[in-house]
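Have a look at the structure below before the remarks.
The values are calculated or read from the model by the stated rules, or taken from the named source; none is laboratory data. Nothing here was measured: the structure is a model prediction, and the numbers come from that model. Here the Cβ is made from the backbone with ideal geometry for all residues, glycine too, and neighbour counts use every protein chain on show. Side chains included, ligands, DNA and RNA excluded: accessible areas come from the protein's heavy atoms. Shrake-Rupley method; radii C 1.70, N 1.55, O 1.52, S 1.80 Å.
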Amino acid sequence: MKGKYRIAVAAAIVLGLALLFGWLLSTAHIDVLSPKGTIAAQQKDLMLFTVVLSAIVVVPVFVLLAVFAFKYRDTNPKHKGYDPEWKENSKLEAIWWGIPMVIIGILAVVTWYTSHSLDPYKKIQADHPSMPVQVVALQWKWLFLYPEQGVATVNYVVMPKDVPVTFYLTADAPMSAFWIPSLGSQIYNMNGMTSELNLLATQNGEYKGYSTNINGRGYADMTFTANVIDRDDFNAWTDGVRSSPRMQLLDNAQLARLQVPSVEKSAITYRLDNSGLYHEIVGKYMPNMMHEMSDEATMDSMSDMEGHH
Amino acid sequence: MELLSQLLGRMSLEYLPTEPATIGAAVGMPLGAIGVAVALTYFKKWRWLWNNWLTSLDAKKIGIMYIVVALLMLVRGLFDAMMLRLQTAVAVGDTQGPFDVDTFQQVFTAHGTIMIFFVAMGLMFGLINVVMPLMIGARDMAFPWLNSVSFWLFVAGMILNNVALIFGGFSPGGWLGYPPLTGLEYNPGPGVDYWIWSLQIAGLGSLFSGINFIVTILKKRARGMTMMKMPIFPWSVLVTSVLIALAFPILTVTLALLSLDRLMGMHFFTSDMGGNPMMYINLIWAWGHPEVYILVLPAFGIFSEVVPTFARKALFGYKTMVAALVAIMFFSFIVWQHHFFTMGAGANVNAFFGIMTMVIAIPTGVKIFNWLFTMYKGKIRFDAPMIWFLAFVVTFTLGGVTGVMMAVPALDFQVHNSLFLVAHFHNTIIGGVVFGFLAGITYWFPKLFGFRLIDKLGRWSAYLWQIGFILAFMPLYILGLMGAVRRLDHYADPTWQPFFIVSGIGVLVIMAGTFMLISQIALSVWKRKELVDTTGDPWNGRTLEWSVPSPAPHYNFASTVEVTKRDDWWYAKQAKKQLSPPPPSAYKDIWLPKNSASGLLIGIGTGLFGFAAIWHMWWLLVVALVFIVAVIIRRTYNTDDEYMISAEELMKEDAAVYKRRHV
């Protein structure tokens, strides 16, 4: 009777937890599992693949644990087969060395392949050439520079649909990290150097972006919106910003204002005339080098510092 | 005025706490200490405390002190966790949480630091001290005095960590304190220095302990106990200690360089003048990754003792278990880069470290299967340590799955530094380390104190921890995939809130489990007469520690121990050898270390040294340093540091033990 009572309590707890998490999941929108870009979509598949592969080992572990615990409990009235000296069996051990080795072997191949195919630095092949966007993590806001379009934004980034975007990432702040879960992959932003991230959005929409690395008091508010729109709309938007006389120019005074540590709740749009601004921000941590190098040379040396081809 | 600023360094009243929760702790902690002091005076226990505990060089006493400190810190760390989850349960949208951002950031830094350095490490060193020498048939550590120094350095680090709460505040930079955030430019105040010196001092103690354990295991094993006849727990300690000896110097150097940046304006890890923060991140993880194996391997060792004892069956695949430990030791040193796949290394580098990381899953998985097949054909009793084992397998295995997932760099890019990561490492550290050490404490408690713990409360504690764990951390996995990053003191998205609330409830359930654990100990002390262990072998154990009475005598073994096979005590019992005492020739005069206050004094000196460095009180720094050196010199001239117990005395005491076994 007591045993049955215990099983009933355990079953009730399991059922209760299942219902609770079922309800929680029904309320949730899970960005990583509902990808809006090619990178995030492949990462989602990769995630499901690893879970299924791991289950080949994990399910037997849980089943064996339950069966052995139940069958070999000393209170089992039908207990049999007690053998205190049974402690070696090379065939059995070969199985549980072997199967995990095979699984990890498969996963290792997948890892090697996806580390290259989903390398954040790898340019994405598409109908359109890759568009550069430079990203500066400030305390505690995101500054986006469009050197080709002559536009700059704060705390939001506009991306044309189906056009690959190469983000060049740096920081004028403690180490930060750039992440748009719906589109995939994050990379650190660090002072005095450039890292890269290539993404391709395939669906229009507004997606949340975050800094994933703690960088001071305003860290929690350092979010941004990635706004994916049609390519024509994107061009119209940049043209509009360029031609609007009321639009502010991102000059040194405006930049200095942004560099003051603060939380910026609103999104800001600027015209950008200085296409070398990004390199000046990167270069300010190595003042001696800037005088001798042109912008392009600096850019190359920054990439070299990453040790990345 | 000039003199005052020389004396006080950069201290000023502005560093007094202002936040209500911090003021509460800042008042409560000293009051608690004063309360304990008053109680000690009232009950006239100072001399007892001094002679029996504070100055003792007996590894078992030192071990118990480690465990007491670690359990106190567990409560502190859990209160920190509760504050964090209380904040995130409330602070959505424009709603203010109960804590401001400074407090919140200090609390999560303190939570991580305390749980790793002063709870997990403390429980680990405690358990190793109390049972490792007994399990290998040794009378003591190889260096008993150094052992005491290690403990007091651990305490000094712990106190500095907590003093930050009272005066000056703690680091807001996370438990591994990445520069440049923790550099002078962004955090010039004393908080980061508290963090540095608390870890630096405790870390030095850990290094000494590691060296001590290695020498003890290699040189002090009982006659006949070859390495392959040694129980698995000492094996795991050996492997862990090698990791400590190799990894902790990296931590010491890294923190020292960061400290030079901060104290002397150097540029090791700054962004300018040729400094490179990426170097820090590499170095800290070159220590940090081995560190997580340092913590979990002894827990594996504990389960390798618990499962055979409660299944009443030899451990399955002993040799494989040893091989797996050594393999994990090796691989744990070539995976550190997986903590920062997202820092921009090339695909080849990322892939290499990812694959090495998942390779560790193979020996770890093998260990789990070997424990399962130790249960197979066994006759299993489900006392509390075994319930902890079941919870461990379930929780740790799930943590392993998410670990393998995150080892794939392309996948890690989508979950790194999100709450998915937070859930993953709690899954392995709580499931592996905490459950393992709590099983160990329950299992060896009778050997330390001579009575058992009330088993039912222990089982209840395990159930509550398991359920609390699921509630607290499963929501974090989902939150991570929803885009919630770690260390947020507030957030905008209201759909995250239900998950955070459930997680907060989970922390409360874990608190209830901890309360159950503490009441288990308290009630067991109350009812110790009923729970007394007269046999010295309450679980029908297999290894040498169960061959001596409970509590273990201060000299551990009365007669010279000789071992012929693995699980010697189990087979000795089957041959009824435990009933007849050894011949008189087996008893020899033995020498044991006398008490020494110098370990405690070095701890005090080092604590003051750290405090002086934090507050730039240079005169105190010099005084403390001179004091430490003087204590060490004085100790080296002390030749009268041992006392003898005669063979007759040992034989007499042992005769009484054997007599009891016949009753």
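Largest first, what is the accessible-area ranking of B:491, B:658 with a 1.4 Å probe? Don't skip to the answer; put the middle values down first.
Numbers: B:491 5, B:658 35 Å².
Largest accessible area first, the list is B:658, B:491.
Each of B:626, B:147, B:12 was scored by the projection of its Cα onto the charge dipole of chain B, and the greatest displacement toward the positive side belongs to B:147; charges sit on the C-beta of Lys, Arg, Asp and Glu. Relative to the longest principal axis of the Cα atoms of chain A, the long axis of helix A:90-117 lies at roughly 10 degrees. Volume of the convex hull of segment B:242-349 (Cα atoms only), normalised per residue: 126 Å³. Computed over segment B:383-510, relative contact order equals 34 percent, with contacts defined as Cα pairs under 8 Å that lie 6+ residues apart.
Each Lys or Arg adds one and each Asp or Glu takes one away; over the other residues whose Cβ falls under 12 Å from the Cβ of residue A:236, this sums to -2. Shape descriptor for the protein assembly as shown: Rg over Rh equals 0.99 (Cα atoms; Rh from the Kirkwood inverse mean 1/r).
If the only charges are +1 at each Lys and Arg Cβ and -1 at each Asp and Glu Cβ, what is the size of the charge dipole of segment B:5-151 around the Cα centre, to the nearest 20 debye? Walk me through the numbers before you get to the answer.
Details: 9 positive and 8 negative charges, 172 e Å.
I would put it at about 820 debye.
Computed over the alpha-carbon atoms, segment A:131-287 gives an Rg to Rh ratio of 0.93, Rh here being the Kirkwood radius from the mean inverse distance.
Tell me the relative contact order for segment A:131-287 as a rounded percent, counting alpha carbon contacts under 8 Å between residues six or more apart.
Values: 374 pairs, mean separation 47.5, N = 157.
Answer for segment A:131-287 is 30 percent.
Quick one: which of B:583-590, A:122-129 comes out on top by average Cβ neighbours within 10 Å, and what's the full order, highest first?
Answer by packing, highest mean first, reads B:583-590, A:122-129.
Roughly how many Å is it from the Cα centre of segment B:179-258 to that of segment B:547-583, as a whole number? With segment B:179-258 and segment B:547-583 each reduced to a Cα centre, they are spaced 33 Å.
Could you compute the net charge surrounding residue B:387? Neighbours are other residues with a C-beta less than 13 Å from the C-beta of residue B:387; K and R count +1, D and E count -1. Provide the component values of the computation, followed by the final result.
Values: positive: A:6, A:73, B:381, B:456, B:459; negative: B:383, B:455.
With Lys, Arg at +1 and Asp, Glu at -1, the neighbours total +3.
Charge tally for residue A:214 (other residues, Cβ to Cβ under 11 Å; Lys, Arg +1; Asp, Glu -1): +2. For chain B, the membrane-span-like helix rule (DSSP H, alpha carbon extent of at least 30 Å along the helix axis, mean Kyte-Doolittle at least 0.5) picks out B:20-42, B:59-90, B:144-166, B:190-219, B:232-264, B:277-311, B:347-375, B:384-407, B:455-482, B:497-526; this says nothing about an actual membrane.
For the pair segment B:481-539 / segment A:215-244, the C-alpha centres are spaced 44 Å from each other.
Can you pull the mean other chain C-beta count within 10 Å for peptide B:308-321?
On the way: counts 2, 0, 1, 7, 4, 7, 6, 1, 6, 7, 2, 3, 5, 0.
Mean number of neighbouring Cβ atoms from other chains: 4.
Largest GNM mean-square fluctuation across A:257, A:271, A:73, computed for chain A with C-alpha springs under 10 Å, falls on A:73. When only alpha carbons are used to place a centre, segment A:101-176 and segment B:383-439 end up 30 Å from one another.
In square angstrom, rounded to the nearest 10, how much accessible surface does residue B:422 have for a 1.4 Å probe? Probe radius 1.4 Å; accessible area of residue B:422 about 20 Å². Bridge orientation summary for segment A:131-287: considering DSSP beta bridges with both residues in this region, about 65 percent are antiparallel. Rolling a 1.4 Å probe over the protein heavy atoms leaves residue A:86 with an accessible area of roughly 40 Å². Highest GNM mean-square fluctuation among A:141, A:161, A:265, for chain A modelled with Cα contacts below 10 Å: A:265.
Using alpha-carbon pairs under 8 Å, 6+ residues apart, how would you state the relative contact order of chain B in percent?
Numbers: 1072 pairs, mean separation 118.7, N = 663.
Across chain B, relative contact order equals 18 percent.
When both bridge partners sit in chain B, DSSP labels roughly 75% of those beta bridges antiparallel. What the Cβ-Cβ distance of residue A:86 and residue B:565 gives, at R0 = 22 Å and to the nearest 0.05, is a FRET efficiency of 0.85. Take the alpha carbon gyration tensor of segment B:548-663, find the square roots of its eigenvalues, order them as a ≥ b ≥ c, and report rounded if a/c is under 1.5; if not, report prolate when a/b exceeds b/c, else oblate. Note, shape of segment B:548-663 comes out prolate. Legend: P(r) of chain A from all alpha carbon pair distances, 20 Å bins from 0, whole percents, reading 25, 43, 21, 10, 1.
Take the Cβ-Cβ distance between residue A:7 and residue B:2 as r, set R0 to 60 Å, and report the resulting FRET efficiency rounded to the nearest 0.05. FRET efficiency, residue A:7 to residue B:2: 0.20.
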